Every structure is written in C-alpha cells, then in structure tokens.
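The values are calculated or read from the model by the stated rules, or taken from the named source; none is laboratory data. Predicted model, so just to flag it, every value in this text is computed and none were measured. Using ideal geometry, Cβ is built from the backbone for each residue, glycine included, and neighbour counts are taken over all protein chains shown. Just so you know, the surface numbers come from the protein's heavy atoms only, side chains and all, with ligands and any DNA or RNA stripped out. Shrake-Rupley method; radii C 1.70, N 1.55, O 1.52, S 1.80 Å.
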Amino acid sequence: MRGRNDDAMRANRPIKMLGDDVISICKGIIEGRELYFILFHRSGPKHLICFKNWSVNLIMDVIESALHLKCRLRDTHCQRMDVLTNSKVMILQEVNEPFLNIAVSKAATMLGAYDVTITDKLVWEYDYMGRVFSFMADAIFVSTLTHMCAQRFAAQSSVPVLCMRSRTHATVQALATVMAIIEQFGTMRDVNLAYVGSPHPVLNSYLLLCPMLGANIKFKCCCEKCPVTPLLYKASQEIVEQNHTHLMECSCKGLALQDAHVIIAGPSNPKKIDEFKLCIKDVESKTCRPWIFFHTGPRGKEVDDNLFEHCNSRTFQAFENFHYIAAAMMAYVIQDYKF
C-alpha cells in the first residue's frame with residue numbers, strides 16, 4: 001500500500017464514512033517494518049427508550065416500515081425471513097407482559113432471529129447489568145416499572161436497548177395503535193384523539209406522539225375528588241406549543257369525547273367504573289365525526305360488549321400490529337433495515 005494516496009494514509013486520519021461508521025488508516029511499526037492498518041470505528045448502539053428522544057422522521061420510519069411489512073406478509077403464521085438471521089433478541093422484564101412477550105418473540109422468529117425471555121426482579125441500580133447482558137444478546141427489549149432504570153441500563157449496554165413498557169411509556173402498544181389510526185385515516189395530522197380511563201403508560205406515550213405527529217388530544221384520567229396529572233403532561237404542553245396542536249385535560253368524559261375521531265378506553269379502577277364507563281350512546285351523542293374505537297386492555301366493565309365489538313372498533317387490529325411494530329423496531333436497531 002505504500003506510495004498510494006500517501007496523504008490519506010497518515011496515521012489516525014479518518015478517510016471514509018460508511019453510514020455511521022468511520023474507516024481510518026493508521027500507520028504502525030512492527031519489527032522495524034512500516035505497516036498500515038484499517039480500523040473501523042463503530043457508532044454507538046441505537047437505543048429506543050423515550051419518545052422525547054425520537055425524531056418525527058424516526059417515528060414515521062418505524063410505522064411505515066411496519067406497514068410495508070404488513071402488506072408484504074399479511075399472514076405471518078409459520079413464516080420465517082432472513083432479515084436478522086441468527087441474531088439473539090432478549091426480552092428482559094420485571095413483570096410478565098404476555099401480549100408484549102408474544103409480539104416481540106413472534107417478530108424475532110419471523111425475521112430469522114432467536115429470542116429468550118427473562119422475568120426477574122432485577123437490581124437495576126447495578127451499572128454492570130446492561131454491560132453483562134449485552135455480551136450475550138444483539139438487542140434487548142426491556143419492560144420495567146421505573147423509566148430511569150431503562151435509561152441507566154441502556155447507558156451501559158453495547159447493543160440496542162428498546163423500551164417495551166415502563167412507568168412513562170408503552171412504546172409498542174402506542175405505536176401499534178397509531179399505525180392502526182393511520183391505516184384508517186391515512187395520517188395523524190388533524191386527527192382528534194380522546195382518551196378516557198385511569199392513568200396508564202400508554203396515555204403518556206399518546207401525550208407525546210399526538211402533538212409530534214400533528215394530532216390533537218383530550219383526556220379524562222381522574223375524578224374530581226382525586227385529581228391526577230399524567231407524568232408527561234408538561235412535556236406534551238411544550239410540544240403542543242411548538243407544533244400548534246391542541247391538548248386538553250377534561251373533568252368529564254363528555255368533554256373529552258367532543259368531536260373525537262379516535263376514542264381510546266383505558267383500563268379502569270373497579271371502584272371508579274362509573275367515572276370512565278363508555279357505551280355507543282356516549283360516543284355518538286358527542287361526536288359527529290367518523291370515529292374508531294380502541295381498548296387499551298385488560299378489558300373490564302368500563303366498556304360494554306356493543307362498543308367493544310362494534311364495527312368501528314379497531315382494538316384487535318392494534319393488537320395485531322404489535323408484532324409488526326416490534327419487527328420494524330428490531331430490524332432498524334440491529335441492521336438499520338427498513339421494510
């Protein structure tokens with residue numbers, strides 16, 4: 001290599017970019033001989049922890065990738081692709097989340113990867129946790145009761161860490177629901193979303209996703225006797241102000257349902273069913289818009305059968321989208337692959 005492009009071969013000088021990776025050619029001396037070495041400097045892993053750190057383009061890239069995969073592979077039963085051949089996907093959780101587990105597991109095997117699920121009360125404060133697990137996995141989906149634990153874990157991990165669910169986020173479920181809304185309306189822009197139910201991590205996710213994607217959101221998540229403000233309400237206000245969308249915390253469900261395109265029922269405290277109970281009459285008396293309905297799950301007595309099974313209900317469509325969203329996320333962080 002000596003004598004060729006000498007300027008580029010000076011020690012420790014980056015000469016080419018491949019995506020986020022930098023190639024350097026370095027000069028060294030071994031046993032009196034001059035040798036040149038090609039070094040690859042890898043960028044850090046792509047963590048998907050908090051929507052506040054996602055760009056609108058990234059959100060839409062994941063959703064569009066999931067939509068393309070769904071069009072390409074409508075029936076995923078007994079299907080296996082070679083997108084992530086021989087990769088190892090870990091599902092690490094404090095509390096068992098059956099729907100999320102099967103969605104991530106199905107996505108992994110569908111893309112040619114293998115998965116393992118660990119359910120344990122981890123001591124997240126130990127900084128070495130992320131480092132140890134990342135020796136043996138290519139991506140780690142985390143479900144934890146506290147959001148900061150996921151962030152500390154990711155900071156120590158050398159492989160991508162993705163938040164399935166935490167105290168402030170329900171990433172897979174929220175994106176799967178947004179995907180179903182886009183399938184129905186073609187966009188999130190100018191869509192009016194209403195959430196009626198007890199505080200839930202998925203509400204925090206909607207509070208960020210709606211204004212980021214141009215949608216308006218109204219919600220009722222507490223009773224007058226016990227006022228509760230969602231953890232990400234202030235962050236949502238800041239995004240709303242920047243993007244000129246609408247946000248309203250409502251004292252009654254009728255106000256939340258006014259002119260709604262999308263109605264989302266959250267799980268409710270059995271002692272407060274009357275505060276959040278919904279039926280078709282509640283919806284149709286408050287909105288003249290074309291509307292669709294989702295239930296967050298698990299279902300209780302807060303929604304009657306007529307609404308839950310209504311032709312406008314898209315609850316099961318959102319649950320079906322779980323594994324498409326999980327597949328799009330893991331393909332992106334492991335291989336920078338978009339369907």
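Considering only the range 298-323, state which residues are open to solvent by less than 20 Å² (accessible area, probe 1.4 Å) and either assigned to a helix (DSSP H, G or I) or not β-branched (Val, Ile, Thr) (or both).
Across the range 298-323, the qualifying residues are 302, 307, 315, 318, 321, 322.
Of everything in the range 152-174, what is polar (S, T, N, Q) and more than 19 Å from residue 236 (Cβ to Cβ)? Give them in sequence order.
Passing the criteria: 156, 157, 158.
Just a yes or no: is a residue in the range 140-154 touching a Ser or Thr at 6+ places or on another chain (Cβ under 7 Å) and in contact (Cβ under 8 Å) with a residue 60 or more places away in the chain?
Checking the range 140-154: at least one residue is touching a Ser or Thr at 6+ places or on another chain (Cβ under 7 Å) and in contact (Cβ under 8 Å) with a residue 60 or more places away in the chain.
Need pairs with beta-carbon distance below 6 Å; first residue touching a residue at least 40 places away in the same chain (Cβ under 8 Å) and within the range 59-88, second in a helix (DSSP H, G or I) and hydroxyl-bearing (Ser, Thr, Tyr); sequence gap 6+ or separate chains.
Within 6 Å, the pairs are 66/324; 69/324; 70/324.
Just one of (1) under 30 Å from residue 77 (Cβ atoms); (2) surrounded by 17 or more Cβ atoms within 10 Å (Cβ to Cβ); (3) of a type in the set (A, V, I, L, M) trips up residue 191, so point out which.
Against the list (1) under 30 Å from residue 77 (Cβ atoms); (2) surrounded by 17 or more Cβ atoms within 10 Å (Cβ to Cβ); (3) of a type in the set (A, V, I, L, M), residue 191 comes up short only on (1).
Which numbered condition trips up residue 240, out of (1) open to solvent by less than 30 Å² (accessible area, probe 1.4 Å); (2) without any contact (Cβ under 8 Å) to a residue 40 or more places away in the chain; (3) assigned to a loop (DSSP other than H, G, I, E, B); (4) in contact with a His (Cβ under 9 Å, 6 or more places away or on another chain)?
(3)
Can you say whether residue 132 is modelled with pLDDT of 85 or more and within 20 Å of the chain's Cα centre (by Cα), as far as the supplied structure shows? Write out each step before concluding.
Numbers: modelled with pLDDT of 85 or more: yes; within 20 Å of the chain's Cα centre (by Cα): no.
The answer is no for residue 132.
Exactly one condition in (1) in contact with a Lys or Arg (Cβ under 6 Å, 6 or more places away or on another chain); (2) at pLDDT 95 or above; (3) open to solvent by 20 Å² or more (accessible area, probe 1.4 Å) is not met by residue 180; state its number.
For residue 180, the failing item is (3).
Counting only residues that are open to solvent by 20 Å² or more (accessible area, probe 1.4 Å) and either at pLDDT below 95 or assigned to a loop (DSSP other than H, G, I, E, B) (or both), how many does the range 212-234 have?
Matching residues across the range 212-234 total 10.
Collect the residues in the range 243-260 that are part of a helix (DSSP H, G or I), under 17 Å from residue 206 (Cα atoms) and either free of Cβ contacts under 8 Å to residues at least 24 places away in the same chain or open to solvent by 60 Å² or more (accessible area, probe 1.4 Å) (or both), keeping them in residue-number order.
243
Of (1) open to solvent by 10 Å² or more (accessible area, probe 1.4 Å); (2) more than 30 Å from residue 323 (Cβ to Cβ), residue 200 satisfies all except one. Which?
Condition not satisfied by residue 200: (2).
With respect to residue 121, determine if the residue is at pLDDT below 95, within 30 Å of residue 214 (Cβ to Cβ) and among the basic types (Lys, Arg).
no
Collect the residues in the range 68-118 that are open to solvent by 30 Å² or more (accessible area, probe 1.4 Å) and part of a strand (DSSP E or B), keeping them in residue-number order.
88, 114, 115, 116, 117, 118
I'd like to know if the range 260-274 contains one or more residues that are modelled with pLDDT under 95, among the basic types (Lys, Arg) and in contact with a strand residue (DSSP E or B) (Cβ under 7 Å, 6 or more places away or on another chain).
Scanning the range 260-274 turns up at least one residue that is modelled with pLDDT under 95, among the basic types (Lys, Arg) and in contact with a strand residue (DSSP E or B) (Cβ under 7 Å, 6 or more places away or on another chain).
Out of the residues in the range 261-297 that are closer than 26 Å to residue 97 by Cα and in a helix (DSSP H, G or I), which is most open to solvent (accessible area, probe 1.4 Å)?
Applying the filter and picking the extreme gives 271.
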